[in-house]
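Q: Submitted below is the structure of interest, expressed as structure tokens.
The values are calculated or read from the model by the stated rules, or taken from the named source; none is laboratory data. What you are looking at is a predicted structure, and each value in this text was computed from that prediction instead of being measured. No Cβ is skipped: glycine too gets one built from the backbone with ideal geometry, and neighbour counts run over all protein chains shown.
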Amino acid sequence: MEQVLDFVAGVLERATFEAAYQYLSFAVAGALLLSAGWLWGQALRIMSYFRRLGAARAAVARVRTASGWKEGEGMWRAEPVIQPARYDEFPLQAMKVLNLANLKGGVGKTTLAANIGAALALERGKRVLLLDLDFQGTLTRMCLTQNEWLPSEDGDSPASWLVGGHMDGAQLREFTTPVNVGVGVGGRRSRFKVLPAYYDLATTENRVLVEWLTGDRRKDPRYTLAEILYSPAVQREFDVVIIDSPPRLSSGGVQALCAASHLLIPTILDRASTESVSTFVGQVSKLKTSGICPHIDMIGVVGTMSGAATSAEDDEREFLKDALHSKGIHLLSKEMEMPRRAAFPYALPRGIAFWAMGEAQSVQEPKNAIRALARYVDERMFNAGGQVQRLAPDGRPNERMLRRRRGRPRVA
Ligand SMILES: Nc1ncnc2c1ncn2[C@@H]1O[C@H](COP(=O)(O)OP(=O)(O)OP(=O)(O)O)[C@@H](O)[C@H]1O
Ligand SMILES: [Mg+2]
């Protein structure tokens, strides 16, 4: 009996030892497999990081010319270009997007954006959204009084959310604020709104760029704004979106060009400013012909702060006409130029000059200039070529027009 018990104990001991040995082997093999998988994942990440870094470097690389080196095409023309679905239909939508832009600073972009918006909303019955894409927030401060334009301490400005792509069309409507247009026209407030910007927008623009160049951003950031603006929620809410661009081709500036259906370029009539108009038109044309912002219709260059009784301004008008000849854009007539008036800089605490300057005889000239420009913009955007009805009865873009448009060359 004792022998039998010893035998059973021996068997059990061996079996336990073998099972333990087996378990241990499985555990070691599993750990090795997991480590190999983790290492493979890290290797893939490192390879893809270097691939993205190479693409980023290529996007900003200098190029060799016959006489040396020069800057390349710049990052905004970098491939691949990933446009939103149905991007070619965007310009056929009923809502229009007007971009006021110029790389020259202080030429009256913001002042014009606010005043054209006011004339379109208050006198031409349009539902207008003013989009402030300049972190200086000047447009925001023209439209909103007191501190209602300041972002909360623990949040960013709506423009930052927009350019960063952290909102959709429905949320954009919630972030807009009715413009303070003053007593007497209060009933129209709901038709005239602004989306505020603040200094945090500068950081967002840099982040968007870095994330794109290092490949951490899945979508092409050039079309973030276009995708949001052409969503059904925004389309239903507004007739016109007016974008006040910064005097730089920052992430926001490029998003504005890619979202815009129309471009208006304000300029002071002095040589430093008029010369820079051609440079800017050349840059936009390159972006347009290379298919980055193929839809943009350059509807005019308009003089601002004019009225100096010297022939120098006439010389600049002639200079501009020559420089713009055959560039697909022209200088708008004198009646649309914004004359220099103290009412524009000093209207700020009281809102937008168009209504703040009142109705006195002395302000009729600048008011009529704003009206003439707003009428021109309105007609170019909504009645161009007499093709007002661009949508089929079901609200979708008219297929016949789409085919015609697709058949057209991209350059105007
Ligand atoms: N028609 C005008 N008459 C007098 N002053 C004007 C007129 N238009 C604009 N200004 C003033 O000129 C300055 C620059 O105008 P504004 O801010 O509109 O230019 P901007 O091109 O938007 O500048 P930035 O490039 O810095 O954004 C402001 O002080 C503004 O009040
Ligand atoms: Mg400005």
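Q: In this structure, does R191 turn out to be modelled with pLDDT under 90, away from ligand 2 (no atom under 16 Å from the Cβ) and out of contact with any helix residue (DSSP H, G or I) (no Cβ under 9 Å at 6 or more places or on another chain)?
A: Values: modelled with pLDDT under 90: yes; away from ligand 2 (no atom under 16 Å from the Cβ): yes; out of contact with any helix residue (DSSP H, G or I) (no Cβ under 9 Å at 6 or more places or on another chain): no.
In short, no.
Q: Could you grab me the full set of residues in segment 219-244 that are of a type in the set (F, W, Y) and either outside any helix (DSSP H, G or I) or surrounded by fewer than 17 Cβ atoms within 10 Å (Cβ to Cβ) (or both)? Don't jump to the end; show me each part of the working.
A: Initial filter on segment 219-244 (of a type in the set (F, W, Y)): 223, 230, 238.
Y230, F238 - these are the residues of segment 219-244 that are of a type in the set (F, W, Y) and either outside any helix (DSSP H, G or I) or surrounded by fewer than 17 Cβ atoms within 10 Å (Cβ to Cβ) (or both).
Matching residues to (1) exposed (fewer than 11 other Cβ atoms within 10 Å of the Cβ); (2) under 28 Å from L139 (Cα atoms); (3) at pLDDT 70 or above; (4) basic (K, R):
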| site | (1), (2), (3), (4) |
| --- | --- |
| P339 | no, yes, yes, no |
| Y346 | no, yes, yes, no |
| F354 | no, yes, yes, no |
| A374 | no, yes, yes, no |
| P393 | yes, no, no, no |
| L402 | no, no, no, no |
| P409 | yes, no, no, no |
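Q: Still on this model: Looking only at residues that are out of contact with any helix residue (DSSP H, G or I) (no Cβ under 7 Å at 6 or more places or on another chain) and part of a helix (DSSP H, G or I) in segment 88-110, which one is farthest from ligand 1 (Cβ to nearest atom)?
A: Checked segment 88-110; the qualifying residue farthest from ligand 1 (Cβ to nearest atom) is P91.
Q: Exactly one of (1) in a helix (DSSP H, G or I); (2) touching a Gly at 6+ places or on another chain (Cβ under 7 Å); (3) without any contact (Cβ under 8 Å) to a residue 24 or more places away in the chain is unmet by R57. Its number?
A: (2)
Q: Answer yes or no as to whether A256 is surrounded by 23 or more Cβ atoms within 10 Å (Cβ to Cβ) and outside any helix (DSSP H, G or I). Working first, answer last.
A: Details: surrounded by 23 or more Cβ atoms within 10 Å (Cβ to Cβ): yes; outside any helix (DSSP H, G or I): no.
Criteria not met by A256.
Q: In this structure, does L257 turn out to be at pLDDT 95 or above and under 24 Å from G72 (Cα atoms)? If you could, list the steps in order and put the result at the bottom.
A: Details: at pLDDT 95 or above: yes; under 24 Å from G72 (Cα atoms): yes.
Considered against the rule, which asks whether it is at pLDDT 95 or above and under 24 Å from G72 (Cα atoms), L257 comes out as yes.
Q: If a residue must be away from ligand 2 (no atom under 16 Å from the Cβ), buried (at least 22 other Cβ atoms within 10 Å of the Cβ) and either modelled with pLDDT under 90 or part of a loop (DSSP other than H, G, I, E, B) (or both), how many such residues does segment 132-184 contain?
A: Here the count works out to 2.
Q: Among the residues of segment 304-336, write down those that are touching a residue at least 60 places away in the same chain (Cβ under 8 Å) and under 19 Å from V107 (Cα atoms).
A: Step one: filter segment 304-336 for residues touching a residue at least 60 places away in the same chain (Cβ under 8 Å), giving 304-305, 328-329.
Hits for segment 304-336 are T304, M305, I329.
Q: Another one. Return the residues of segment 335-347 that are under 29 Å from the mean Cα position of the chain (by Cα), assigned to a helix (DSSP H, G or I) and more than 7 Å from ligand 1 (Cβ to nearest atom); say none if nothing qualifies.
A: Matches in segment 335-347: M336, Y346, A347.
Q: In addition: Out of (1) at pLDDT below 90; (2) touching a strand residue (DSSP E or B) at 6+ places or on another chain (Cβ under 9 Å), what's the single condition that is false for T310?
A: The number of the failed condition is (2).
Q: Further question on the same structure: Of all residues in segment 86-114 being among the basic types (K, R) and in contact (Cβ under 8 Å) with a residue 24 or more places away in the chain, which is surrounded by the fewest Cβ atoms within 10 Å (Cβ to Cβ)?
A: Residues of segment 86-114 among the basic types (K, R): 86, 96, 104, 109.
Okay, now just the ones that are also in contact (Cβ under 8 Å) with a residue 24 or more places away in the chain, so 96, 104, 109.
Working: K96: 22, K104: 19, K109: 27.
If we take residues in segment 86-114 being among the basic types (K, R) and in contact (Cβ under 8 Å) with a residue 24 or more places away in the chain, then K104 is surrounded by the fewest Cβ atoms within 10 Å (Cβ to Cβ).
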